[in-house]
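Enquirer: Pasting a structure here, questions to come.
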Amino acid sequence: MKLYTGPVSLFSAKVRIVFDEKGLVPDEHVSVDWSLERRYLPHHPDIVRLNPRCKVPVLVDGDAVICESTVICEYLDELYPEPPLLPRTPAARARCRTLEAFADEEFFPAVWDQVEEALYPAAEGGRDVPRLAAARARMAEMYAELDGELAGREFFCDTYSIADIANFVMITAAATMGAPPDPVHAHLTAWLARTAARPAVAREIAAMRDYMAKLGTPA
């Protein structure tokens, strides 16, 4: 297996955690170049060749080329079912996929607005303060929703799953840039602590923070 990831790509972080949780090490791991000024430009030539969208992560396994983090995670779970990161019953798997999609499709856009307005250098004309405020207001709503999903549960699908990994990565990124959950959300706060204590999660977050610290950015 050959894995391409970005050092601060949240979708790459999700995949790296899944690899670690399963005790897997890719035969080759390529971390593509990234900087605050250039972002991922110029794109790594392999990424241009393998993924028409020019995005990481990308997993190459023999003739299989897989370009979406969700599909990569499910592919790994099918190939290496222990420990399972997708629940085993259809209803629980549906819940897991729904909550993972929430992280990727609902939470990430708000995080991206925050990245653009709070992390990357300001565009000509300065920061878009209303955009940042709207993103943080939306995240506050989603924190309340996720807190409700965790009521009476240790993890989103009772047992630890990809849904926990995906949401933890997004929430940690938001918190790092100044938009943490309100402590009033006790279920969410307790879940964050449980998830952060997992060795694979702790290693990934530490690696990302170390990378950003070397660049002199907030972490």
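Enquirer: Please verify whether region 59-76 includes one or more residues that are in contact with a His (Cβ under 9 Å, 6 or more places away or on another chain), surrounded by fewer than 19 Cβ atoms within 10 Å (Cβ to Cβ) and part of a loop (DSSP other than H, G, I, E, B).
Expert: Checking region 59-76: not a single residue is in contact with a His (Cβ under 9 Å, 6 or more places away or on another chain), surrounded by fewer than 19 Cβ atoms within 10 Å (Cβ to Cβ) and part of a loop (DSSP other than H, G, I, E, B).
Enquirer: Considering each residue of region 85-120, count those that are in contact (Cβ under 8 Å) with a residue 24 or more places away in the chain and in a loop (DSSP other than H, G, I, E, B), and give that number.
Expert: 4
Enquirer: Hey, could you check region 30-47 for residues that are in a strand (DSSP E or B) and in contact with a strand residue (DSSP E or B) (Cβ under 7 Å, 6 or more places away or on another chain) and say which is farthest from VAL8 (Cα to Cα)? Show your work before the answer.
Expert: Kept after step one, since they are in a strand (DSSP E or B), are these residues of region 30-47: 30-31, 35, 39.
Retained after the next criterion (residues that are in contact with a strand residue (DSSP E or B) (Cβ under 7 Å, 6 or more places away or on another chain)): 30-31.
On the way: VAL30: 13, SER31: 10 Å.
The extreme case among them is VAL30.
Enquirer: Output the residue which, of all residues in region 1-14 that are in contact (Cβ under 8 Å) with a residue 60 or more places away in the chain, assigned to a helix (DSSP H, G or I) and in contact with a Ser or Thr (Cβ under 6 Å, 6 or more places away or on another chain), is farthest from PRO84 (Cα to Cα). Spell out how you get there, then give the answer.
Expert: Kept after step one, since they are in contact (Cβ under 8 Å) with a residue 60 or more places away in the chain, are these residues of region 1-14: 1, 7-8, 10-11, 13-14.
Keeping just the survivors that are assigned to a helix (DSSP H, G or I) gives 10-11, 13-14.
Narrowing further to those that are in contact with a Ser or Thr (Cβ under 6 Å, 6 or more places away or on another chain): 11, 14.
Numbers: PHE11: 19, LYS14: 15 Å.
Here the answer is PHE11.
Enquirer: Given the conditions (1) touching a helix residue (DSSP H, G or I) at 6+ places or on another chain (Cβ under 9 Å); (2) closer than 28 Å to ASP20 by Cα; (3) surrounded by fewer than 18 Cβ atoms within 10 Å (Cβ to Cβ); (4) assigned by TED's automatic domain parsing to the domain that holds HIS187, which single one is not true for PRO84?
Expert: For PRO84, the failing item is (4).
Enquirer: Taking ARG38 as meeting all but one of (1) of a type outside the set (Asp, Glu); (2) surrounded by 12 or more Cβ atoms within 10 Å (Cβ to Cβ); (3) more than 30 Å from TYR143 (Cβ to Cβ), write down the number of the exception.
Expert: (2)
Enquirer: Another question, then. Among the residues of region 169-190, write down those that are in a helix (DSSP H, G or I) and not hydrophobic (A, V, I, L, M, F, W, C). It would help to see each step written out before you state the result.
Expert: At the first step, the residues of region 169-190 found to be in a helix (DSSP H, G or I) are 169-176, 186-190.
Of everything in region 169-190, those that are in a helix (DSSP H, G or I) and not hydrophobic (A, V, I, L, M, F, W, C) turn out to be THR172, THR176, HIS187, THR189.
Enquirer: If you scan region 62-84, which residues turn out to be in contact (Cβ under 8 Å) with a residue 24 or more places away in the chain and of a type in the set (Ser, Thr, Tyr)?
Expert: Answer for region 62-84, where residues must be in contact (Cβ under 8 Å) with a residue 24 or more places away in the chain and of a type in the set (Ser, Thr, Tyr): SER69, THR70, TYR80.
Enquirer: Turning to a different aspect of this structure: Is region 121-142 home to any residue that is in a helix (DSSP H, G or I) and either touching a Leu at 6+ places or on another chain (Cβ under 7 Å) or under 26 Å from LYS22 (Cβ atoms) (or both)?
Expert: As a first pass, look at region 121-142 and keep what is in a helix (DSSP H, G or I): 129-142.
Now narrow it down to the ones that are either touching a Leu at 6+ places or on another chain (Cβ under 7 Å) or under 26 Å from LYS22 (Cβ atoms) (or both): none.
No, there is no match, as no residue in region 121-142 is in a helix (DSSP H, G or I) and either touching a Leu at 6+ places or on another chain (Cβ under 7 Å) or under 26 Å from LYS22 (Cβ atoms) (or both).
Enquirer: Considering VAL18, VAL48, which residue is loosely packed, with under 13 Cβ neighbours inside 10 Å, of a type in the set (Val, Ile, Thr) and either out of contact with any helix residue (DSSP H, G or I) (no Cβ under 8 Å at 6 or more places or on another chain) or not assigned by TED's automatic domain parsing to the domain that holds ALA166 (or both)?
Expert: When all the criteria are applied, what remains is VAL48.
Enquirer: Of everything in region 16-52, what is under 22 Å from LYS214 (Cβ atoms), in contact (Cβ under 8 Å) with a residue 40 or more places away in the chain and among the hydrophobic types (A, V, I, L, M, F, W, C)? Give them in sequence order.
Expert: ILE17, LEU36
The values are calculated or read from the model by the stated rules, or taken from the named source; none is laboratory data. All of these numbers come straight from a predicted model, not from anything done at the bench. As a convention, Cβ positions derive from the backbone with ideal geometry for all residues, glycine included, and neighbour counts pool all protein chains shown.
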